[in-house]
Every structure is written in C-alpha cells, then in structure tokens.
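None of the figures in this text is laboratory data; all of them are computed from the coordinates on show. These numbers come from a predicted model, not from an experiment. All Cβ positions, glycine included, derive from the backbone under ideal geometry; neighbour counts span all protein chains shown.
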Amino acid sequence: MTSAIALNGVRKDFGTFTALSNVSFDIKDNEFFTLLGPSGCGKTTLLRLIAGFEDTTAGTIHLYGEEIENLPPNKRPVNTVFQNYALFPHMNVAENIGFALKMLGWPKADITLRVAEMVEMVQLGQFVHRKPSQLSGGQQQRVALARAMAPKPKVLLLDEPLSALDLKLRQEMRTELKRLQRETGITFIFVTHDQEEALSMSDRIAVMSSGAVQQIGSPNQIYENPANRFVADFIGETNLIASRVDTADGMNVVCSLADGEVLTALANSPLGPGATGVVSIRPESLTVTKTAPKGESLRGTLGDAVYFGTDTQYTVLLAQELTLKVRMQNQFIASQALAKGDPVFVSIADGAARFLVD
Amino acid sequence: MAAGTGSGRTVSATFSPVRGWLLLPSWLVIGIFLLVPVLLMLVYSFLTKEFRGGVIWEFSLAAYDQFVFDRGLFGDDPPTIEWAYITIFVRSILQALGATVLCLLIGFPTAYFIATRPANTRAIWLFLVTIPYWVNLLIRTVSMKFLIRDNGPLNEALLAIGVIDAPLQLINTNFAVQLGLFYSYLPFMVLPIYASVERYNFALSEAASDLYAPKWTILRSILLPVVMPGIIAGCILVFVPSLGAFLAPDLLGGAKTFMIGSLIEEQFKGNAGNWPFGAAASMILLSMVLVVLLFYARAQSREQT
Amino acid sequence: MDRRFDIKHYQGFLAITCLCLFILYAPLIIVMIYSFNDSASITNWGGFSLRWYADVFTGPESEKFKLAAWNSLSIAVMAATVATIVATAAAIGMIRGGQFRGKSVSFALISLPIMVPEIVTAVSTLIFFSTIGFKLGTLSILVAHIVFCIPFAYLPISARLQGIEASYEEAAQDLYADRWRTFRYVLMPIMWPGILSGFLLAFIISLDDFIITNFIKGAGIETLPTAIFGSVKQGIKPNIMALSTLLLLFSIALVTLSYFIGKRGQEPYPTD
C-alpha cells in the first residue's frame, strides 16, 4: 500500500535559521499520526510544508505516490484545521463548510447535500445560519473540522486544534476525533505539544525537537523504549541517572552509577564497556521499602513526599547527591510506616531500566 | 485591533507572485505624474527664463544666483547681497518654527488630557478635535480672516467689552499669518502626541511617584522622554507644511509678510513670472523639507537599534 | 478620585484643552452665525435670515457656484475611485507580497505625494503638463488629484489589511480558492470597511484641494475651492459664508460617516 505521505530529505530554512533538517519518514494510509514536540521544534513548520503554505528548501513530499512539494496549496488534495480555526467571519456556518466545494465547482445540489452531511457529522444542525462570532469555541472547532473534511481530502492536517478548548471539551473532542478518523478512514496528521493527547489518540507518534525527528513509534514504543534522552524526558516523567557501561551482553548492559552502585538496564543498540550515557527509569517502576528487597536495589534516605490522591511521589536521596523520584500507589504504602529521613531501599521493576546514549 | 483569533501573523506572501502587477499602477501613476515632474522642475531651475513666462532651453544659474545676489537691472553690475529673498526664506522658517511652538504649547496639554480620559469619552474628545481638520483649509483660513479683520467680530467684541479703544490691526501682519498657520495645523500636532500618550504605561508614573517624585518632575523626566517620538512627529507634521504654506500668508498677510509659498506662486501667474526662479525656489523649499525628513528618519532608525 | 491623588491629572490641562477647542471652532461658528445674517453688510447684525443660502442657489453667482460644485464633485468621485483601486492593489502587494528588495522604495513612492509640499507638487505638475503640451482643464485636474489621493486612500486600507490575520487567506487557499477568488470571497469582504474609509478620505481630500487645483486648472475651469478663493479675493461676501457653512456641514457629515464605517470594521472577530 502506498504511503499516504512520504517525506524525503525535507529541509526548511528561514534565512539563517534551520527550522527542519533532513526529515524523512512515511505516514501510512488510514493512520492517526501525531507530530509531537515542544514549541519551536518544527512540527507546525512540517505541517505547513505538507499543506503548501511554505516552500521546502530541499527534499520531496509525496502524497500517495505523487510529488506535491511544488504545488500551491489550492492544488493539493489535503485540507487543514487551523489552530485558531480561521473561520470566515462574514460567512455563516453553512457557507463556511461549503466553501471548498464552491471553489471546486460542485453543483449547487451536491453542495447542499454534502454540507448537510457534514453538519450532521459534527452535530451543529441548529447553528447552520449562525456566523462564527455567534458560536462558542467548541462549536467553532467543529465547524472548522467539518469545513476541512467536506471536500473529502486524502489527508487531513490538524494544527493543535484542541489547544484553545477547556479541559473537559478537550477530552470530549479527543474521543470525537479518534472516532471520526476511524469512521472516515482519512489519514489524520495531528500536531500537538501535549503528550497526553498524543499518547491517547495516536496510532503512531513522531517526537520532534529542534527541527529533527527524535523517534517514531507507537505510543507504547515511545513510552517504554525511548530512543534517547530527549524522548525519555519529554514523554511522561522519568529519572535520568548518569552512568557508564561495565559489561555488556548484546543489548543488556551492566552499568555503574556515580556513587558506585550497579544496575542492569536495556540499551537500544549493542554497546561496549566504557560507553557513557544515562539510565532512564520511570518513577512508577520504582518501589521504596524499609527492608532490603530481593534482587537489585539502591540505598538512600527518604526525602519529601507529595500526595496525589491515588498515589504519592517520594524523593529519595542517594549517595553523591543523586535523587530519585519514586511514585507508589497509596494502597501499597499504607502498610509501611515511612517517614522523612528514614533509610530506605529503592528497587527497580524487572526490565524497566533503559540505558540511553546521549 | 486585529481581526483574527490570535495566531498573530498579518504579513504574508500569499500574493507575492502577482505583486509586480499589483504595485505597477501606483508606480506608474506616481512615477510619471509626480516623480518625473519634480525632476523636470529641477531641470527648469537651471534654465533661462522666457520673457512672457515659460523657459528657453539654455543652461543658466541665473535663477539660483538671483536669490542671493543683486546684479542690477541688466545683470552686469558688481554683485551686492540681495536681502529680499533671503529675508523671505528666513521669515518662512521663523513662521514655521513659531507655528510649531504655538501648536506644541497648546497641543501637548490637549493631547495629554484627551489621552487620559476614560475610554468612552476619549473617542468623543478626539472626534471633536479632528472635525475642524476635515473642513476645507480654505474655508478655515477664510473664517479666521473674517474673525480677526479690522471690523470683524473679534475686534467688535473687544471694543464692546472696553479692553481696547481702537480696532486692533491684526490682519496683514506677521501675527495674523502665525495665527493662521497655527490654526491650520493644530490637529496635526495633537494626534501623534495623543497616540503616544495613549500607549504610555502610567505604571511608570506611579512608580516614580512611589519614589517621591513630584508631579511636574514626573512629567518632565519620565513621561516626556517616553512620549518624545509622538512629539517629534507632531512637530514635523506642523513645521513642514507651514514652511511651504500658501493660503495663510496669502489671505491673512500682505506684501510685508511674504513667505516662500507666495513667492513661488507669484512666479507662475501671468506674464511677469520667472519660471526658472520659481522652480529654483521650489527646489530650495523641497531640499529644506527633505533635510528635515532625513533627520527624522535617521533619528527613528537610531531609536530602533 | 481626589484630583491630588490622580497620577494622571495636571492642573490647567483641561483649561488648555477647552481653549484649544474654542480656538478650533470659534472662527467656524462665527462664520456659520453670520451666514444667517439678514443684513448685506458683513459687519452689522441685521437679524436672522436664510436669504444668503437662497442666494447661493439662485442668486447672480449661483450658476458659477453650481458649475464649480459639479466639477468638484465629479472630479472627486472619479479621482477617489481610481485612487482607491490603485491603493487597494498596492496595499495587497505591499502587505501580502512577502519580502522583496524594492519594498521600502515602493513605500517611499506611495507616500511621496504626502511628503512633497503642496506648492512644489503644484509647480512641478504645471511645468510637466506645459512641457509635454498636456492641455489644462478637467482632465489635468483629475490626473493631479488621482496622484495625491493615492496615499490618502492607502493609509486606511493598509491599516485595515495589516490588522487582518493571514490565516483566512491560507484557509481559503487550503480550500482550493485561487488568488483572485481568495481576494474576492474572503479578503475583500473583510477589508471593505478600510476600502470604504480610504475612498471617503480620498474623496474629501480631492474635494477640498485648492493649491494644486488652482495651479493647473487652466483659465476656463473652476472647482468649488477655487471659485470661493476667487470670490474672497474680491472681499468676503455673505453668500460666501453661506456656501462655506454648507461645505463645512457636508465635510462633517462625510467624516462622521467615515468614522462609523471605521467603527463597524472594528467589531470583534471570533475568539474564544
């Protein structure tokens, strides 16, 4: 099956500033694909390159096998949902939704039919004659969605469409968007800086930083097996401890920390002894106990505790000024009487530690 | 106020492929009908005058020479300084400066006052100040003339109150011209200062006050420097048109209050005119204006670095 | 708030503001009052009367004034229309045309008519027309008016365009509109208050122009300002004051109209 979007060596410079450097990857047909990263990472620039609002400095973009990077935006069968919706203020909902169809020269009857379909899809039946200024944020968002989907694009681009909505609405829309993608089978390319959104909605995620793609994978892969320090740190919370490889057996490494303690971890690629990097362990993979547990553990002193309702986050001070964040569900803590200052053991869940080269 | 929803970008390249076509009409119209004429006028100032108006296409510096030197009736006397024209230029500069100062004295407090009104009344005050500008300058100058002439309402009122015994000779004086210039261009001083003060953050004044500064000191050392760009813009907007003004000196002044504008106009009326001389006078005026604008532009760009 | 504690309050500024407004309006109001003067003498008050207004429309000079008014209005409409079209195109080219080398030169050229003193413009235009043998008359006036109307139309149009976000046009293009249709269906409807303001501003400027028109109009033609000037040179007569009052009120009406159109264009657009 031809990829929906194939990017090859895509580069974008703005004067002396490189916004995107050598981006190459494919997005599959019928996929909910997310571009995730902090602001300035280039995700919006990449989206705009695909839409056609910027020219590539170098590289090619293929849409289902056809080269599009030299086409103006109005000749590319992709449509965009803008971050601030960009609904035409002088047209009502129906006119906004039907705009592309009018531009494409659809017969009036067909336009009316399709607009009705889209209005039904986003459930804005009673608002068809309203102007955007008379709609709420959530309603405007749905009009923007309907407008972009009306002309049956091959790929739908969504530029942080939920960022302007309040939390509850955002969560509702996440489910909505996911459902829409599944039902229509259109490839969605979704841009966000919110990793929770990315993890909960996507089939695959491309994590970006400083104009380059750091890792592409399913939400599970990204979370469990981050490719590098940036990804580990950006997605969820993690402890990053500087360490050096002592011995290696394929991807399993034994490494020592600054204070001399030794851990086993899983690397992304075969490494040799002496390689330096960081060990990444998610706080929820750690457990604090007063008595020494079976298997590997680190020794330290219990620091502050922050209560979160379902769980508590502890800070544990190890030797050499290393600190660990540990997150434990409260039902498991109640049995031990843990107090600040107590000497404790921190044990790591099997296979949870990752060794990442910087 | 931006029409949009917050992404902010308002300059784009959407129409760049056709921008040549879009800009062509304005380039053509202004290029052909203003730029070329001004250049042509520059050429004319170096030509010889024709006796009945118009020019002979023969190079000559006579026009410029005439400003400074008097070479007698036939042009071969030893040159003596011709003060008449120099006086006219100096007078124009002084009048323009005077008008600027007057406008500043009245305009700054007005602009400040309006800018510190609450939002809803502010618009009304502003509207009131701008309306007179929209009345034809000719009519405004005529009405000023009507007001201050010898047996006009102003003198009548003053006589009636008993402040004076005989009507004030206001018309045909330098004072009248000054008044006319001030009256013509006052809104140009008020508006830029208003814009600057309106953007001024009064928290600065409050901070200064918190640090024991008295009010007028705050005005002088804190507000004024911040608002200076608006003040300078206002001064330029009054000074430049005043320099080349025609209506105020013509209607309100007389032979003794001749300014550059009247001098130039005289050269092109009827058969007694001297076209190259008029062109030369215009070039001198234009140069003065360009110098002022250049200084302003340079000061602006220095501000921004 | 007690005046002493209001950080914004300065003693005497209100007085000066009132003085300023008084100075601005006094001459105009005096003229308006005297235009209703029944007496033929402009110095004595003879009672309230509309006779001078009647004189403007039906008296001995009325034909001259009517013709002048017609000239002024028709020239103003044509000049403003052409100037507005040229200025709209220029604004789009400057603000939506991306960065290009001649940009600041273009802007300087567009603003040139405002920066050159009027008398210099008048003289150079006269010289130009005379050199190329362009006959002086209505057409010469029209051409000159178009030139100095362009920057005045440009100002509100470009101000309005600069306040419109680029995302609307991007959305239009994303939805398959080409450049012309993007302008026609999306950009122009949102821009129109600015375009209308520009037209009105150009119209008023053309209507009011005296110096340039006086220089290049040739012998046979009068516009309203030149006719008034010619009449005033012979002495201020009451019918001139009536005419002035009419023009005054007309200008104010136009400005008020332009103001309300401008306000309408400021109505908030969809935000959250």
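Helical content of chain A, expressed as a calculated mean residue ellipticity at 222 nm, amounts to -7500 deg cm²/dmol (DSSP H runs of 4 or more residues, -39,500 (n - 2.57) each, divided by residue number, nearest 500). Pulled fully out, how much extra length does the chain show between C:PHE22 and C:ILE114, if you take 0.36 nm times their separation in residues and subtract their Cα-Cα distance? Taking 0.36 nm per residue and subtracting the Cα distance, the gain is 30.3 nm. If you run the Gaussian network model on chain C, springs between alpha carbon atoms under 10 Å, then out of C:THR88, C:THR17, C:THR226 the most flexible one is C:THR17. Computing FRET efficiency as 1/(1 + (r/R0)^6) for A:ASP29 and A:GLN171, where r is the C-beta to C-beta distance and R0 is 30 Å, gives about 0.60.
Sorting C:TYR154, B:TYR296 by the number of Cβ atoms found within 10 Å of their own Cβ, with the fewest placed first, yields B:TYR296, C:TYR154. When the Cα positions of C:LEU112, C:PRO151, C:GLN99 are compared along the charge dipole of segment C:90-174, C:LEU112 comes out farthest toward the positive end, with charges on each C-beta of Lys, Arg, Asp and Glu.
Placing +1 on the Cβ of every Lys and Arg and -1 on the Cβ of every Asp and Glu, with nothing else charged, gives chain B a dipole about its Cα centre of roughly 980 debye. Computed about its Cα centre, the charge dipole of segment A:30-70 is approximately 240 debye, with only Lys, Arg, Asp and Glu carrying charge at their Cβ.
As a proxy for reagent exposure, ranking C:ILE92, A:ILE235 by other Cβ atoms within 10 Å from fewest up yields A:ILE235, C:ILE92.
Using Cβ point charges alone (K and R +1, D and E -1), the dipole size of segment A:63-195 about the Cα centre works out to roughly 280 debye.
Whole-Hz Karplus values for segment B:20-25 come out as x, 5, 5, 8, 4, x Hz, taken residue by residue from phi with 6.51 cos²θ - 1.76 cosθ + 1.60 and θ = phi - 60°; glycine and proline positions read x. Work from the charge dipole of the protein assembly as shown (Cβ charges, +1 for Lys and Arg, -1 for Asp and Glu, about the Cα centre) and give the residue of B:ILE139, B:TRP27, A:ILE333 farthest towards its positive end. The residue sitting farthest along the positive end of the dipole is B:ILE139. Shielding of peptide C:82-95 by partners, expressed as the average count of other chain Cβ atoms within 10 Å per residue Cβ, is 5.
When the Kirkwood radius is taken over all Cα pairs of chain B, what Stokes-Einstein diffusion coefficient follows at 4 °C and 1.567 mPa s, in µm²/s? Estimated diffusion coefficient is 56 µm²/s. Placing unit charges on the Cβ atoms of the charged side chains and taking the dipole of the protein assembly as shown about its Cα centre, the candidate lying farthest along the positive direction among A:LEU302, A:ALA116, A:THR315 is A:ALA116. Along its three principal directions, the equivalent ellipsoid of segment B:65-188 from the Cα gyration tensor extends over semi-axes of 38, 23, 13 Å, largest first. Inter-chain Cβ neighbour count for A:100-111, averaged per residue, equals 2 (cutoff 10 Å, partner chain atoms only). Can you tell which of A:GLU321, A:GLU197, A:GLU160 shows the greatest fluctuation in a Gaussian network model of chain A with Cα springs below 10 Å? Result for chain A, Cα springs under 10 Å: A:GLU321 fluctuates most. FRET efficiency for the pair A:ASN8 and A:GLN320, taken as 1/(1 + (r/R0)^6) with r the Cβ-Cβ distance and R0 = 51 Å, rounds to 0.65. Projection of the Cα convex hull of chain C, averaged over all directions and equal to a quarter of that hull's surface, yields 22.3 nm². 3J(HN,Hα) along segment C:70-77, derived from phi through the Karplus expression 6.51 cos²θ - 1.76 cosθ + 1.60 where θ = phi - 60°, amounts to 4, 4, 4, 5, 5, 5, 4, 4 Hz, with x in place of Gly and Pro. Each peptide in A:30-42, A:301-313 receives the mean, over its residues, of other Cβ atoms within 10 Å, and ordering these scores from highest gives A:30-42, A:301-313. Of the residues C:LYS135, A:LYS152, the one with the fewest other Cβ atoms within 10 Å heads the list, and the complete ranking is C:LYS135, A:LYS152.
Among B:ALA123, B:ALA207, B:ALA115, the largest mean-square fluctuation in a Gaussian network model of chain B (Cα springs under 10 Å) belongs to B:ALA207.
Couplings 3J(HN,Hα) of segment A:260-276, computed from phi: x, 5, 10, 9, 9, 8, 10, 9, 7, 8, x, 10, x, x, x, 5, 9 Hz, in residue order, whole Hz [Karplus 6.51 cos²θ - 1.76 cosθ + 1.60, θ = phi - 60°; x for Gly and Pro].
Packing around the peptides C:165-177, A:126-138, taken as the average count of other Cβ atoms within 10 Å per residue, puts them in this order, highest first: C:165-177, A:126-138. Our helix-only sum for chain C, with -39,500 (n - 2.57) per DSSP H run of n ≥ 4 divided by its residues, gives a mean residue ellipticity at 222 nm of -23500 deg cm²/dmol.
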